[in-house]
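Written out below as structure tokens is the structure these notes cover.
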Amino acid sequence: MNGVFHIGASGLQSQQRALEITANNIANVNTAGFKRSEVRFAELVAGPSTSIDAAGGAGADPSQAMLGGVALEGQRPVFGQGELKPTGAASDLAIKGEGFIELLGPSGRTVLWRGGALRVNADGLLAADNGMPLKAMITVPLEAGALAIDTGGQVRSTGQDGEALGRIDLVRPRDMAGVSVLSDGLYAIADETQLTASVAGEDGAGVLIQGAIEASNVELSAEMIALLMTQRAYAANAQIVQAGDQLMAIANGLRR
């Protein structure tokens, strides 16, 4: 009888986590560069567990059987292109294509960014709006004035001399499974994940678009449908637990 509660509880836990992921997608519908996440479920196959006897040997123990159920295997970001929305602001930067911009995160770790608002931080470096400098370490002089960024990533001052300040390259992870979602449209990479650097506009890395931002790739209607389906699945698992409780009540009410 305990198997009923285990199966129902595993389903409830998995659907609760799926609900949180869908809710996070909806909450970031207006976050620039945000990529929605999909959930992946795995079936817990029922079968006998392994026990250790007094002599130290392993064997099947039918009294300790695995009870089955379902588990949330993980979440996977969906890196589809979001809509590019012109803003007319020279400080806004978007990527059209598959590449990422490298930022220098806390403790020197690489953080990937899909673009957004740029600014000059307190150290005079070109940075994302959150203050993280671009890994290209582009220094912007006080007299530089406005900046012009072409599709190939070349950054120039619009001052009288039109000085070239540096270039923003794009990178692509060789294994997207090693990319995980952070907050505010940022992404972390696993230590073993290798990055391929490319000049914007070459090797299929995409191009840079100044004066635009990339909207999130969240489709609100699809997320609402996923939300309803998750709620129904949660309710179905709750009914499994309720049915098990009713059967336990019947068993406890039996008399000789």
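Against the main long axis of the alpha-carbon atoms of the chain, helix 220-253 sits at an angle near 20°.
If the chain linking SER180 and ALA9 were pulled fully straight, counting 0.36 nm for each residue of separation and taking away their Cα-Cα distance, it would gain 58.8 nm.
The value of relative contact order for the range 84-214, using C-alpha pairs under 8 Å at least six residues apart, is 34 percent.
Applying the criteria of a DSSP loop state and at most 10 other Cβ atoms within 10 Å to the GluC sites (Glu not before Pro) of the range 144-247 yields GLU192. Under 11 Å from a label point 7 Å along Cα→Cβ of VAL29: give me every residue in the range 186-226 with its amide N that close. Only 218-225 pass the distance filter. Note on LYS135, LYS35: ascending count of other Cβ atoms within 10 Å places them as LYS135, LYS35, the fewest first. Projected onto the charge dipole of the chain (+1 at Lys/Arg Cβ, -1 at Asp/Glu Cβ, origin at the Cα centre), which of ALA233, THR110, GLY97 gives the Cα projection farthest towards the positive end? So the residue furthest toward the plus end is ALA233. The simple spin-label model puts a point 7 Å past each Cα toward its Cβ; for LEU220 and VAL78 those points are separated by 1.7 nm.
Spin-label pair ALA235-THR110: with each label point 7 Å from Cα along the Cα-Cβ axis, the two points sit 4.7 nm from one another. Annotation: the residues LEU104, LEU228, sorted from fewest to most other C-beta atoms within 10 Å of their own C-beta, follow the order LEU228, LEU104. The calculated FRET efficiency for the pair THR158 and ARG119, based on their C-beta separation and a Förster distance of 22 Å, comes to about 0.85.
Calculated from DSSP H runs of 4 or more alone, at -39500 (n - 2.57) each and per residue, what is the 222 nm mean residue ellipticity of the chain, nearest 500?
Details: 2 runs with 60 residues, N = 256.
Result for the chain, helices only: -8500 deg cm²/dmol.
No lab work stands behind these numbers, since they all come straight from the coordinates. These figures come from a predicted structure and were not determined experimentally. In this analysis, Cβ positions are derived from the backbone assuming ideal geometry, glycine residues included, and neighbour counts consider all displayed protein chains.
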